[in-house]
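First up is the structure itself, then whatever we jot down about it.
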């Protein structure tokens with residue numbers, strides 16, 4: 001499979017996962033956390049899917065399309081290892097959805113990020129809330145949800161807090 | 001439609017167009033020109049689709065994934081306005097396929113590029129050869145081919161030289 005094919009599968013999987021969980025959090029109050037702004041395409045998708053939610057975006061810097069940049073109250077700049085543990089100061093209560101797509105090409109770095117997220121993300125999520133991640137955070141005791149049709153098993157991980 | 005949706009449609013359209021024309025040039029000898037290397041995903045797709053063709057890639061600089069960089073004989077660095085008119089020196093005879101995805105977000109710049117490509121690309125193409133472009137080069141007297149199913153009419157332009 002070419003890198004173009006693989007890339008299309010990856011971004012399509014991301015969209016399909018987000019579309020799926022948007023309906024599943026309908027009864028769960030709270031904002032959304034987007035870990036990684038990047039070019040802002042996924043943030044744009046989230047705000048279109050969930051127009052009534054506050055969406056807080058974490059990234060080291062803003063390099064997104066000008067139309068896809070959150071306002072200052074919702075853009076949390078800095079190293080995620082420092083900003084995420086303090087996310088509650090911004091979000092108030094538990095969050096309904098966390099989407100994380102901050103994996104890199106480096107397996108060691110990914111393992112470190114996954115362990116960090118696994119340690120900090122679960123406590124941020126409200127009961128019934130969902131985590132969608134390109135890394136396996138493996139939150140203890142959470143339900144792992146099946147992926148949308150056509151999404152490769154290890155491409156995304158979706159967990160719901162009981 | 002979100003930017004994520006729009007982006008998925010754009011890259012899927014690109015892949016579908018390339019897959020379609022790969023079979024159509026089976027009887028046309030000659031190399032392939034890829035205008036714009038970018039991250040190298042499309043180049044990777046082209047070389048997988050057309051493993052027996054020489055593929056010459058034009059770009060201002062190399063910023064692709066290390067696995068997706070052509071060798072020096074096939075990477076033509078520089079301003080396309082200067083390098084393309086001299087492409088024959090590298091390709092020898094006519095080419096079987098030109099793929100161009102060098103549009104920007106700027107309409108004026110795109111119009112200038114489209115006019116330039118329309119003036120220089122047609123002469124490079126062998127009889128029966130094909131041009132796939134995100135810009136309308138409108139080569140005089142060429143046949144405009146129907147796009148693959150699901151591709152929006154103005155998203156891609158495919159022409160075949162008679």
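The values are calculated or read from the model by the stated rules, or taken from the named source; none is laboratory data. Since this is a predicted model, take the numbers as computed values, not measurements. Virtual Cβ from ideal backbone geometry, glycine too; neighbours counted across all protein chains shown.
Per-structure values
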quantity	calculated
Filtered residue count, region B:52-89, keeping only those that are more than 20 Å from residue B:118 (Cα to Cα) and not in a loop (DSSP other than H, G, I, E, B)	6
Residue, modelled with the highest pLDDT, within region A:56-94, restricted to residues that are surrounded by fewer than 19 Cβ atoms within 10 Å (Cβ to Cβ) and within 14 Å of chain B (Cβ to nearest Cβ)	A:69
Selected residue [over 15 Å from the mean Cα position of the chain (by Cα), modelled with pLDDT of 95 or more and not in a loop (DSSP other than H, G, I, E, B)] from B:4, B:46	B:4
Residues located in region B:20-33, provided they are touching a helix residue (DSSP H, G or I) at 6+ places or on another chain (Cβ under 7 Å) and either surrounded by fewer than 20 Cβ atoms within 10 Å (Cβ to Cβ) or assigned to a helix (DSSP H, G or I) (or both)	B:22
Filter result for residue A:43 (within 13 Å of chain B (Cβ to nearest Cβ) and touching a helix residue (DSSP H, G or I) at 6+ places or on another chain (Cβ under 7 Å))	yes
Subset of region A:153-162 [modelled with pLDDT of 90 or more and either out of contact with any helix residue (DSSP H, G or I) (no Cβ under 7 Å at 6 or more places or on another chain) or assigned to a loop (DSSP other than H, G, I, E, B) (or both)]	A:156, A:157, A:159, A:160, A:161
All positions within region A:46-55 that are under 17 Å from residue B:5 (Cβ atoms), out of contact with any helix residue (DSSP H, G or I) (no Cβ under 8 Å at 6 or more places or on another chain) and more than 9 Å from chain B (Cβ to nearest Cβ)	A:51
Number of the condition not met by residue A:36 [criteria: (1) modelled with pLDDT under 95; (2) within 14 Å of chain B (Cβ to nearest Cβ); (3) touching a strand residue (DSSP E or B) at 6+ places or on another chain (Cβ under 7 Å); (4) buried (at least 19 other Cβ atoms within 10 Å of the Cβ)]	(4)
Region B:6-33, residues that are more than 13 Å from chain A (Cβ to nearest Cβ) and touching a residue at least 24 places away in the same chain (Cβ under 8 Å)	B:20, B:21, B:24, B:25, B:27, B:28, B:29, B:30, B:31, B:32, B:33
Unique match (being within 14 Å of the chain's Cα centre (by Cα) and either surrounded by fewer than 19 Cβ atoms within 10 Å (Cβ to Cβ) or at pLDDT 90 or above (or both)) among B:124, B:145	B:124
Residue identified as within 12 Å of the chain's Cα centre (by Cα) and farther than 14 Å from residue A:31 by Cβ among A:67, A:134, A:79, A:72	A:134
